[in-house]
Amino acid sequence: MMRSRTAIAVALCALGWVAGCNNYNNSVQYATGATITNISPSGVPAGAQDTILTVTASAVNGFTQQSVVEWNYQKLKTNFLDVTAITAVVPANLLTKASTAYVTVYAPQSGTGQNGLSNSLAFYIVGAPNPQPTITTISPNTAVACGANCSKVSVGITVTGTNFLPFSNNGGSVVAFVGVSTSQKATALVINSFSSTEMKATIPGTLLSAPDPNAAIVVINPQVIPCVVNCPYPVGTDGGTSNPVSFAVTGTAAASTLAAAAEETPAVSQDGRYVAFSSQQSDITQIMVRDTCLGASAECVPSTKVVSTAADGTPGNADSHTPVMSADGRYVAYSSAATNLLENAPAGRQIYLRDTCIGAGATCKPATSLISTDPEGALTGTECVFPSISSSGRFVAFVAITASQDPNKVKSPTGAANSGLRQVFIRDTCLGASNCTAKTTRISLQPGDVPADPTKPAGPALSGLAKQIALADGKTSTVFTSTVPVNDQIFLAATSHEK
């Protein structure tokens, strides 16, 4: 206890808060001299030459002609100017290494308890200034506004550039979002990983609630020391803010259609043993698969597992919906807004295929792949929903929705933009095939502003062998393959796939 008290007393002495201290801590005197209010400069770079220090005091409790500036209680050559200002020379040999010094002023006084010491102010001897960061790319650089469902949404971004600083460097670089949702003020994001040229961060859904085509991402490097006036480096040469890079928040795509999909139909394997369905887990909708053990051996124990997961088993960080299942129950396709299922996945709802390894050998490792991908670029900027899967799991059909960029088409009572385009695609994953290259084929498209009933969303239905695909809204669609009409709204299109 004695050691602790002594340490505290010594520390207070060093700061100039306590005078007359000794090893027994039995004589304590507070500063009774001048009240100093400012020192200029407040710091210099390490290795600076002799520096003239100006010390300012309160006019009520100011300096005398006998006042002497002290540097860590070492007296300096002092020049009295008036009761509120004195100067002193700090020699270069005191400025060689980065550190913090304390400046006080002493004036001889008489009387009990009068020590003549002022309060102390810190003087910073600093190392090299921090560089200004630059941003080269952001991926993804767009997201779909989440409207009223933002609490369950987040978007992961990868920022590449130069001069990113670690946290140990006076706080480190900050990735910040600037937009309408932040009143155009830079708001720091959570950084998930860091290197000097790449940072991964997460944009929370609270910043993505409404369309904002002019939002941006910036990186901010701190100053070596927090400084507003009398800084050791000229303004703009220590740390600073990078170039802003656009991050567009687009209108919600087919919001009424996605909301209507909340009540979903479960999927079942051909033998009825496996069932895929959506279920709330920690306030986020996940895709689950239930093994009912129907038709299995007596040793089988019914179980349920989450399939909307990342590679490390972490559940998706946003809602997943509309599961479909291959005949044997091994493959499950679904739509998800989660950003952690695959690295560098597109923003917004996408179609994923999960190999659950049900019925496969012990060497099979469960894996997730992105289905809504297209090297031709037709899927860029779309949200993808309503998957349909072939019996083998090799083919997956889905709807891709492109949000309208025309503000005059914002007619929804919720304020959501009407869909600018609805397209049906089919993805050949090449599962189980040899000498096959995975590809995505567009089957049809239609304008998104047709007078359809938004409360009855419709997706494609793929036949078991994926040779045909049933499509809705036949009157307004453009189809890129031969078709057979079913009635005045539904038609059956050939997929050109042989298997």
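The strands (runs of 3 or more DSSP E) found entirely in segment 60-147 that carry 1 or more residues being under 30 Å from Thr158 (Cβ atoms) and out of contact with any helix residue (DSSP H, G or I) (no Cβ under 6 Å at 6 or more places or on another chain) are 134-139, 142-144. Note on segment 53-69: residues that are surrounded by fewer than 20 Cβ atoms within 10 Å (Cβ to Cβ) and touching a residue at least 40 places away in the same chain (Cβ under 8 Å) total 2. When Thr206 is tested against the conditions (1) modelled with pLDDT of 85 or more; (2) exposed (fewer than 15 other Cβ atoms within 10 Å of the Cβ); (3) part of a loop (DSSP other than H, G, I, E, B); (4) not acidic (Asp, Glu), the lone failure is (3). If you go through segment 336-372 and pick out every residue that is among the hydroxyl-bearing types (Ser, Thr, Tyr) and farther than 20 Å from Ser391 by Cβ, you end up with 5.
Checking each residue in segment 171-200 for being under 21 Å from Thr339 (Cβ atoms) and of a type in the set (A, V, I, L, M) picks out Val174, Val175, Ala176, Val178, Ala188, Leu189, Val190, Ile191, Met199.
Residues in segment 306-330 that are over 27 Å from Ala466 (Cβ atoms) and touching a Ser or Thr at 6+ places or on another chain (Cβ under 8 Å): Ala310, Ala311, Pro315, Asn317, Ala318, Asp319. Taking every residue in segment 328-339 that is in a loop (DSSP other than H, G, I, E, B) and pairing it with any residue that is of a type in the set (S, T, N, Q), at least 6 positions away or on another chain, the pairs with Cβ-Cβ distances below 6 Å are Gly329/Ser269; Arg330/Thr356; Ala338/Asn317. Among the residues of segment 134-164, just one is of a type outside the set (Val, Ile, Thr), surrounded by fewer than 23 Cβ atoms within 10 Å (Cβ to Cβ) and either touching a Lys or Arg at 6+ places or on another chain (Cβ under 9 Å) or not assigned by TED's automatic domain parsing to the domain that holds Gly239 (or both), namely Gly156. Please verify whether segment 117-127 includes one or more residues that are more than 24 Å from Val68 (Cα to Cα) and not polar (S, T, N, Q). The answer is yes; a qualifying residue exists.
Being aliphatic (A, V, I, L, M) and either assigned to a helix (DSSP H, G or I) or in contact with a Pro (Cβ under 8 Å, 6 or more places away or on another chain) (or both) is the filter here, so list the residues in segment 175-188 that pass it.
Of everything in segment 175-188, those that are aliphatic (A, V, I, L, M) and either assigned to a helix (DSSP H, G or I) or in contact with a Pro (Cβ under 8 Å, 6 or more places away or on another chain) (or both) turn out to be Val178, Val180.
For segment 265-313, filtering for residues that are assigned to a loop (DSSP other than H, G, I, E, B) and either surrounded by 14 or more Cβ atoms within 10 Å (Cβ to Cβ) or of a type outside the set (S, T, N, Q) (or both) leaves 22. Scanning segment 373-387 for residues that are closer than 12 Å to Arg442 by Cβ and either surrounded by 17 or more Cβ atoms within 10 Å (Cβ to Cβ) or in contact with a Lys or Arg (Cβ under 9 Å, 6 or more places away or on another chain) (or both) returns Asp374, Glu376, Ala378, Leu379, Thr382.
Taking the conditions exactly as written (surrounded by 12 or more Cβ atoms within 10 Å (Cβ to Cβ) and modelled with pLDDT of 95 or more), does Thr6 satisfy them or not? No: the conditions fail for Thr6.
Of the set (1) within 28 Å of the chain's Cα centre (by Cα); (2) of a type in the set (D, E, K, R); (3) more than 25 Å from Ala433 (Cβ to Cβ); (4) surrounded by fewer than 18 Cβ atoms within 10 Å (Cβ to Cβ), all apply to Asp319 but (4). What pairs come out if I take residues in segment 266-277 that are free of Cβ contacts under 8 Å to residues at least 40 places away in the same chain and at positive phi and pair them with residues that are outside any strand (DSSP E or B) and among the polar types (S, T, N, Q) whose C-beta lies under 9 Å away, six or more apart or interchain? These pairs meet every condition: Gly272/Thr292.
The values are calculated or read from the model by the stated rules, or taken from the named source; none is laboratory data. None of the values given here were measured: they were computed from a predicted structure. Cβ atoms come from the backbone with ideal geometry, glycine included; neighbour counts cover every protein chain shown.
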